[in-house]
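Down below is the structure, laid out as structure tokens.
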Amino acid sequence: MTRIRVTGRTRKPGKAGSAVGLLAVLVGTLVVSAPSAAQANDDYCGFKVVGDIEKRYIAMDGSKGSLGCPLTEELVNPDGIGRRTQFKNGTIYWSPRSGAWPVWGAIGDYWCNHGCEAGWMGYPTSYEYTVGNETRQNFQCAVVHWQALSGNTAKTSSDNKCV
């Protein structure tokens, strides 16, 4: 928060002194009542994004970032524990054990073809990251690997880390 301090000589009450005093009160009121970043941005493209999902969304540049605008309010996942908000270009999933992480693209498709959060891989636990010529993403019980191959094809696979 920006603090504004008004300094100067003490003046006899009058129009100028009253104006400075009034200005200081108004400026103080404006600064004190200014919404926080989260409060100012809790409505994105017509939808509210809240909690840890909102924190992750803000960290990813909100509606100007790679996820784009939200398409839903926060939804309860089928397990009754986790939550998700769907966006134009992906979904942020949250659970108390994994935190809030985005899933999209070929890795997201592969994960959902194996049951999404209800499947054997569990919830996401990281962003996508690059290792050599692969893109990977960690899940509670798997690491999903995606690799572009020649001829406009791709390979997606996973390692089971909850054996």
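The values are calculated or read from the model by the stated rules, or taken from the named source; none is laboratory data. Keep in mind that this is a model prediction, so the values were computed, not measured. FYI the Cβ positions are ideal-geometry reconstructions off the backbone, even for glycines, and counts take in every protein chain you see.
Key figures for this structure:
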quantity: Of residues in region 58-99 being among the aliphatic types (A, V, I, L, M) and in contact with a strand residue (DSSP E or B) (Cβ under 8 Å, 6 or more places away or on another chain), the one nearest to G119 (Cα to Cα); calculated: I81
quantity: Criterion: out of contact with any Cys (no Cβ under 6 Å at 6 or more places or on another chain), within 24 Å of G68 (Cα to Cα) and not polar (S, T, N, Q) - qualifying residue of A142, A106, A154; calculated: A106
quantity: Some residue of region 22-45 being touching a strand residue (DSSP E or B) at 6+ places or on another chain (Cβ under 7 Å), modelled with pLDDT of 90 or more and surrounded by fewer than 17 Cβ atoms within 10 Å (Cβ to Cβ); calculated: yes
quantity: Selection from region 127-163 of residues that are surrounded by fewer than 14 Cβ atoms within 10 Å (Cβ to Cβ) and small (G, A, S); calculated: G132, A148, S150, G151, A154, S157
quantity: Residues that are part of a helix (DSSP H, G or I) and in contact (Cβ under 8 Å) with a residue 40 or more places away in the chain, drawn from region 47-70; calculated: G51, D52, I53, K55, R56
quantity: Given (1) in contact (Cβ under 8 Å) with a residue 24 or more places away in the chain; (2) surrounded by 14 or more Cβ atoms within 10 Å (Cβ to Cβ); (3) of a type outside the set (D, E), number of the condition G119 does not satisfy; calculated: (1)
